[in-house]
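Here's the structure, in structure tokens; my notes come after.
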Amino acid sequence: MRKTGTINRRHLLTLSGSALAAGTLSGLPIAGGSPALASTTKINEDGLHVQPWFANTFLNLSDDLNDANAAGKKLAIFWEQRGCPYCREMHEVNLAQKDISDYIQKHFMVVQLNLFGSREVTDFDGEKLPEKELARKWRVNFTPTIYFAPASVAEAAGRSGRDAEAWRLVGYWKPFHFRSTFVYVARGGYKTQPNFQRWLGKYADELRAKGIKVKLW
């Protein structure tokens with residue numbers, strides 16, 4: 001049984017009572033003041049916003065996952081597209097916050113894919129497809145979508161990425177929830193608590209116990 005996908009995303013809808021992807025949630029895991037900002041984002045030749053720390057690979061996802069594991073990290077795939085306003089928001093707001101970008105870089109190797117791109121990607125099951133066809137295979141319909149790969153290639157076991165995924169974030173989320181998603185995956189929270197909303201509540205309590213101000217709404 002898959003522990004991610006529509007079941008988890010359905011639970012997440014209760015966080016806002018409306019469209020979570022529209023960015024109605026807010027809050028920063030910092031007590032007072034404005035977060036430090038990282039370097040400004042750039043736009044590549046495909047019109048996608050990019051970060052200098054995104055991995056440049058041959059897009060063989062099993063190899064990418066092995067490389068991530070060798071570095072003591074997990075693999076995350078950012079699906080984006082040209083002209084996506086929420087992708088821009090994710091880069092210019094969320095990823096511009098140093099605590100967020102630093103946490104992701106420490107725990108994840110990030111590969112960016114284009115929802116309508118033509119580069120050839122090798123899925124975990126060995127099938128080679130252009131990005132846009134892989135997006136259809138994985139049922140990626142919105143941007144940004146952040147796909148979190150299974151912990152190891154052994155867990156993928158010849159399955160497609162859609163069947164093997166650990167977790168999926170769909171749409172733009174405000175900084176606190178966005179960063180918390182990476183914590184959720186890095187700690188393996190999805191394995192013990194597939195309901196992200198319940199996990200998030202306990203995580204917020206953990207931060208408050210450390211004297212960190214949390215604004216969930």
_Please verify whether V140 is of a type in the set (V, I, T) and in contact with a Pro (Cβ under 8 Å, 6 or more places away or on another chain), treating the condition exactly as stated._
no
*Would you confirm whether any residue within segment 10-30 is part of a loop (DSSP other than H, G, I, E, B), modelled with pLDDT of 95 or more, over 17 Å from the mean Cα position of the chain (by Cα) and farther than 22 Å from D205 by Cα?*
no
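Using the structure shown, decide if A157 is hydrophobic (A, V, I, L, M, F, W, C) and in contact with a His (Cβ under 8 Å, 6 or more places away or on another chain). Spell out the reasoning first.
On the way: hydrophobic (A, V, I, L, M, F, W, C): yes; in contact with a His (Cβ under 8 Å, 6 or more places away or on another chain): no.
When the stated conditions are applied, A157 does not pass them.
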*Tally time: how many residues in segment 57-74 are surrounded by 21 or more Cβ atoms within 10 Å (Cβ to Cβ) and basic (K, R)?*
1
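Residue under question is G158, and the condition is that it be surrounded by fewer than 17 Cβ atoms within 10 Å (Cβ to Cβ) and closer than 19 Å to L65 by Cα; does it hold?
On the way: surrounded by fewer than 17 Cβ atoms within 10 Å (Cβ to Cβ): yes; closer than 19 Å to L65 by Cα: yes.
When the stated conditions are applied, G158 passes them.
Out of everything in segment 177-210 that is of a type in the set (S, T, Y) and over 12 Å from W167 (Cα atoms), what residue ends up being surrounded by the most Cβ atoms within 10 Å (Cβ to Cβ)?
Of the residues in segment 177-210, the ones of a type in the set (S, T, Y) are 180-181, 184, 190, 192, 203.
Still in the list and also over 12 Å from W167 (Cα atoms): 180, 192, 203.
Working: S180: 22, T192: 9, Y203: 20.
Filtering segment 177-210 for residues that are of a type in the set (S, T, Y) and over 12 Å from W167 (Cα atoms), the one surrounded by the most Cβ atoms within 10 Å (Cβ to Cβ) comes out as S180.
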*Candidates I100, I77, I104 - the one that is assigned to a strand (DSSP E or B), surrounded by 17 or more Cβ atoms within 10 Å (Cβ to Cβ) and touching a residue at least 60 places away in the same chain (Cβ under 8 Å)*: I77
*Could you check F176 against (1) of a type outside the set (S, T, Y); (2) within 29 Å of S118 (Cβ to Cβ); (3) touching a residue at least 12 places away in the same chain (Cβ under 8 Å) and say which number it fails?*
(2)
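The values are calculated or read from the model by the stated rules, or taken from the named source; none is laboratory data. This structure is a prediction, so every number in the text was calculated from the model and none was measured. Cβ atoms come from the backbone with ideal geometry, glycine included; neighbour counts cover every protein chain shown.
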